[in-house]
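Chemist: Dropping a structure here in structure tokens format, bear with me for questions.
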Amino acid sequence: MRCLLEVPDLGLRRLHRGKVREVFELDADRLLMVATDRLSAFDVVFPQGIPGKGRVLTQMSLLWFRATEHIVPNHLIQADLGGLGLPDEALPLLEGRSLVVRRARRIDVECVVRGYLAGSGWKEYQASRSVCGVPLPEGLTLSSRLPEPIFTPALKNDAGHDENVSEGRVRAAYGDAVTDFIKQRSLELYRFASRAAARAGIILADTKFEFGLVGDEITLIDEALTPDSSRYWPPDRYREGEPVDSLDKQPVRDYVERTGWNKRPPAPQLPDELIAETARRYEDVLERLRRVLA
């Protein structure tokens, strides 16, 4: 399987080149969003990619956008690339990894919802018994299931790490109406998705959403509930009090931690077997969720 690291010239204006996705302007109202196979960890893009990763991310977002449109509108228009005037030679590279979406004005908040204690949430809990200003009970440990899902936002920073903040900071920036909407919809999306994931034999530990304004309507944008934006855990490997081997790029994180890499560019080369294992995990999550969402 070919690994797509760079999107070829499409004869379109390129608006954004992210760590994984590239966004092109189709017209004043529509964008073309293409997911490459690029791999990033610790905010650094690696020289090698994960074959098929962009297709998995796109197909999973497509499943979730269609399954959750009763909860909140999203920016998806179509996945069919016909009639867009794209170069014929580019179509085989773009098929399956591209979405046509509505143009939106982004709300610069990462809407993180946590159902379990992991990552930066676990570190913050150890220091303050709270996460982003949300108080939590005593006695929780790494990977503990929370009494109920919590909304723990972050302010976006395209040049570096997003900043975990209290809900009050979001209200100060965007007001009560917008904050109430994105908080409630994020929690509803998480609860719906965690139930669906459970039917697929997966634990959805946490996830993050992005919203934007299409006209005056708050809309779900970017990706949705992919292994790049969520922690998916296999129940048979879940142990409270221990780190859980996530169904995503966790093998890469573990490997580079062992190498002593300083987490600054350039990223180290990855063994072929590690790339293959990571690709397998992405495909596994997609196939499990497809069985309950398609």
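Chemist: Run down ARG169, ARG114, ARG191, ARG185 and say which single residue is touching a Ser or Thr at 6+ places or on another chain (Cβ under 7 Å) and either hydroxyl-bearing (Ser, Thr, Tyr) or not in a loop (DSSP other than H, G, I, E, B) (or both).
Modeler: Of the residues listed, the single one that is touching a Ser or Thr at 6+ places or on another chain (Cβ under 7 Å) and either hydroxyl-bearing (Ser, Thr, Tyr) or not in a loop (DSSP other than H, G, I, E, B) (or both) is ARG114.
Yes/no per residue for (1) touching an Asp or Glu at 6+ places or on another chain (Cβ under 8 Å); (2) closer than 30 Å to PHE24 by Cα:
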| site | (1), (2) |
| --- | --- |
| ILE107 | yes, yes |
| GLU110 | yes, yes |
| TYR116 | yes, no |
| GLN126 | no, no |
| SER143 | yes, no |
| GLU163 | no, yes |
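Chemist: Tell me whether the stretch 211-223 contains one or more residues that are over 26 Å from GLY139 (Cβ atoms), aliphatic (A, V, I, L, M), under 16 Å from the mean Cα position of the chain (by Cα) and crowded, with 19+ Cβ neighbours inside 10 Å. Explain how you work it out, then say what you get.
Modeler: Of all residues in the stretch 211-223, those over 26 Å from GLY139 (Cβ atoms) come to 211-223.
Next, from what is left, pick out any that are aliphatic (A, V, I, L, M): 213-214, 218, 220-221.
Within this subset, residues satisfying the condition of being under 16 Å from the mean Cα position of the chain (by Cα) are 220-221.
Now narrow it down to the ones that are crowded, with 19+ Cβ neighbours inside 10 Å: 220-221.
Looking through the stretch 211-223, at least one residue is over 26 Å from GLY139 (Cβ atoms), aliphatic (A, V, I, L, M), under 16 Å from the mean Cα position of the chain (by Cα) and crowded, with 19+ Cβ neighbours inside 10 Å.
Chemist: I'd like to verify a number: residues in the stretch 42-57 that are part of a helix (DSSP H, G or I) and either modelled with pLDDT under 95 or surrounded by 23 or more Cβ atoms within 10 Å (Cβ to Cβ) (or both), how many?
Modeler: Result for the stretch 42-57: 4.
Okay, residues lined up against (1) in contact (Cβ under 8 Å) with a residue 40 or more places away in the chain; (2) out of contact with any Cys (no Cβ under 7 Å at 6 or more places or on another chain); (3) closer than 18 Å to PHE65 by Cα:
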{"residue": "GLU223", "(1), (2), (3)": "yes, yes, yes"}
{"residue": "SER230", "(1), (2), (3)": "no, yes, yes"}
{"residue": "VAL252", "(1), (2), (3)": "yes, yes, no"}
{"residue": "PRO266", "(1), (2), (3)": "yes, yes, no"}
{"residue": "LEU274", "(1), (2), (3)": "no, yes, no"}
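Chemist: Assuming LEU39 fulfils every condition listed in (1) loosely packed, with under 15 Cβ neighbours inside 10 Å; (2) in a strand (DSSP E or B) apart from one, which condition is it?
Modeler: Result: LEU39 passes all but (1).
Chemist: Take the residues in the stretch 235-291 that are among the hydrophobic types (A, V, I, L, M, F, W, C) and within 25 Å of ARG199 (Cβ to Cβ); name whichever of them is surrounded by the most Cβ atoms within 10 Å (Cβ to Cβ).
Modeler: The qualifying residue surrounded by the most Cβ atoms within 10 Å (Cβ to Cβ) is LEU289.
Chemist: With the requirement that a residue be touching a residue at least 12 places away in the same chain (Cβ under 8 Å), touching a Leu at 6+ places or on another chain (Cβ under 8 Å) and open to solvent by 70 Å² or more (accessible area, probe 1.4 Å), what does the stretch 146-178 give you?
Modeler: If the condition is that a residue be touching a residue at least 12 places away in the same chain (Cβ under 8 Å), touching a Leu at 6+ places or on another chain (Cβ under 8 Å) and open to solvent by 70 Å² or more (accessible area, probe 1.4 Å), then ARG169 is the only one that fits.
Chemist: Something else: Read through the list (1) surrounded by fewer than 16 Cβ atoms within 10 Å (Cβ to Cβ); (2) under 19 Å from TYR190 (Cα atoms); (3) in contact (Cβ under 8 Å) with a residue 24 or more places away in the chain, then give the number of the only condition that HIS70 fails.
Modeler: If we test HIS70 against (1) surrounded by fewer than 16 Cβ atoms within 10 Å (Cβ to Cβ); (2) under 19 Å from TYR190 (Cα atoms); (3) in contact (Cβ under 8 Å) with a residue 24 or more places away in the chain, just (3) comes out false.
Chemist: Now for a separate question. What single numbered condition from (1) in contact (Cβ under 8 Å) with a residue 60 or more places away in the chain; (2) farther than 26 Å from LEU10 by Cβ; (3) in a loop (DSSP other than H, G, I, E, B) fails to hold for LEU86?
Modeler: (2)
Chemist: Let me ask something additional. Need a quick list: strands (runs of 3 or more DSSP E) entirely within the stretch 196-251 having at least 2 residues that are touching a Gly at 6+ places or on another chain (Cβ under 7 Å), more than 15 Å from VAL109 (Cα to Cα) and among the acidic types (Asp, Glu).
Modeler: Ranges flagged: none.
Chemist: Looking at the stretch 181-201, is at least one residue in contact with a helix residue (DSSP H, G or I) (Cβ under 8 Å, 6 or more places away or on another chain), among the polar types (S, T, N, Q) and at pLDDT 95 or above?
Modeler: no
Chemist: Taking only pairs six or more apart or across chains, which ones have beta-carbon atoms under 6 Å, a first residue in the stretch 1-25 that is closer than 21 Å to ARG103 by Cβ, and a second residue that is of a type in the set (Lys, Arg) and modelled with pLDDT of 95 or more?
Modeler: Matching pairs, first to second residue: VAL20/ARG38; PHE24/ARG14; GLU25/ARG13.
Chemist: Of ARG106, ARG102, ARG129, which residue is among the basic types (Lys, Arg), at positive phi and open to solvent by 50 Å² or more (accessible area, probe 1.4 Å)?
Modeler: ARG129 is the lone residue from the list that is among the basic types (Lys, Arg), at positive phi and open to solvent by 50 Å² or more (accessible area, probe 1.4 Å).
Chemist: How many residues does the stretch 134-145 hold that are in a loop (DSSP other than H, G, I, E, B) and open to solvent by 30 Å² or more (accessible area, probe 1.4 Å)?
Modeler: Matching residues across the stretch 134-145 total 6.
The values are calculated or read from the model by the stated rules, or taken from the named source; none is laboratory data. Keep in mind the model is a prediction, meaning the values are calculated, not measured. Positions of Cβ are backbone-derived with ideal geometry, glycine not excepted, and every protein chain shown enters the neighbour counts. What goes into the accessible areas is simple: the full protein's heavy atoms, side chains included, and nothing from ligands, DNA or RNA. Shrake-Rupley method; radii C 1.70, N 1.55, O 1.52, S 1.80 Å.
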